[in-house]
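Worksheet: the structure to be examined is printed underneath.
We did not get these values from a lab; they are worked out from the coordinates using the rules stated. Treat the numbers as computed from the prediction; the structure is a model and nothing was measured. A quick note on method: Cβ atoms are made from the backbone with ideal geometry, for glycine too, and the neighbour counts reach across all protein chains shown.
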Amino acid sequence: MHVRIAPIRAFLQKTDMSSTYLIRPALAEDAPRIAVLGAQVWIHTYATAGISEVIAQYVLASFTPERFRTLAQDPGAVMLVAEREGNLAGYIVVRFASQHADIQTEIETLYVQACFAGQGIGSGLLTRAKEIALTKTGSRSIWLMVNSQNENAITFYRSLGMKQDGLMYFELGGVKHENKVMIAVD
């Protein structure tokens, strides 16, 4: 099967609040802002008991501008950003050839800053990711992992028609954290 790959372009989208935001491919120069937003969202979501040494080391090692510069150039992934009035509001990392249940496209990360939650940015990023998946793989189906304690995210994914399809574990500091595997088959 040969799939024509369409160029990834920027587009404007209206949020539920009648405000406009821009979704576009991430550029290397976006890396510092993506790193800060990623760290902020991760800490807000997962460091609910405070900042331990393990959490501090993980965040400092994982959310670096260099990592996101490299990711922006990775041929096996697509990273998109959502901006409102020139400010970063969220981002998504889409990974191809990351198989789960015959689904080739993984949503590796979808982070939206808390103050933008519920404004259509996450669903806009996911919609664009599915469009890109279709051009790259011939299917809009996606899969992702979400921390089992992250009820807001689980509710969001379920509202978009995603279903749970198993469990995986993320290990941090010798502690396993349960993640739900969610799929959307289109």
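Above 19 Å, the calculated P(r) of the stretch 11-184 contains 58 percent of its Cα-Cα pairs. Across the stretch 102-117, rounded Karplus estimates of 3J(HN,Hα) from the backbone phi angles (6.51 cos²θ - 1.76 cosθ + 1.60, θ = phi - 60°) give 6, 9, 8, 10, 9, 8, 6, 8, 9, 10, 10, 4, 3, 5, 9, 4 Hz, Gly and Pro being marked x. Result for the chain in a Gaussian network model with C-alpha springs under 10 Å: among ASP102, ASP165, ASP30, the largest mean-square fluctuation is at ASP102.
Taking amide H as placed 1.01 Å from N in the peptide plane, THR109 has its amide H under 5 Å from the amide H of VAL93, each at least 5 places away in sequence or on another chain.
Once you have the Cα-Cα distance between SER148 and ALA28, take 0.36 nm times their residue separation minus that, and quote the gain in nm to one decimal. Mind dumping the intermediate values first?
Working: separation 120, 0.36 × 120 = 43.20 nm, distance 3.20 nm.
Computed gain between SER148 and ALA28 is 40.0 nm.
If you build a Gaussian network model of the chain, linking Cα atoms that sit under 10 Å apart, which residue out of PRO75, PRO65, PRO25 swings the most? Judging by the Gaussian network model, the answer is PRO75.
Here the Gaussian network model covers the chain, with springs between Cα atoms less than 10 Å apart; of ILE103, ILE92, ILE51, ILE51 fluctuates the most.
Rounded to the nearest 500, the helix-only mean residue ellipticity at 222 nm of the chain stands at -10000 deg cm²/dmol, with each DSSP H run of n ≥ 4 adding -39,500 (n - 2.57). Near the amide H of ASP165, within less than 5 Å, lie the amide hydrogens of VAL181, MET182, ILE183, all on another chain or at least 5 residues away, with H placed in the peptide plane.
In the chain, what % of DSSP beta bridges are antiparallel (nearest 5)? Write out the running numbers ahead of the final one.
Details: 38 of 40 bridges.
Bridges in the chain are about 95 percent antiparallel.
Compared with the direct C-alpha span, the chain from ALA114 to THR70 gains 13.3 nm at full extension, assuming 0.36 nm per residue.
Among the trypsin sites (Lys or Arg not before Pro) within the stretch 93-179, not one is in coil by DSSP while having at most 15 neighbouring Cβ atoms inside 10 Å.
Label-to-label distance for ASP186 and GLN40 is 2.9 nm, based on points extended 7 Å past Cα in the beta-carbon direction.
Amide H to amide H, with H built 1.01 Å from N, LEU172 comes under 5 Å of HIS177, counting only residues 5 or more places away or on other chains.
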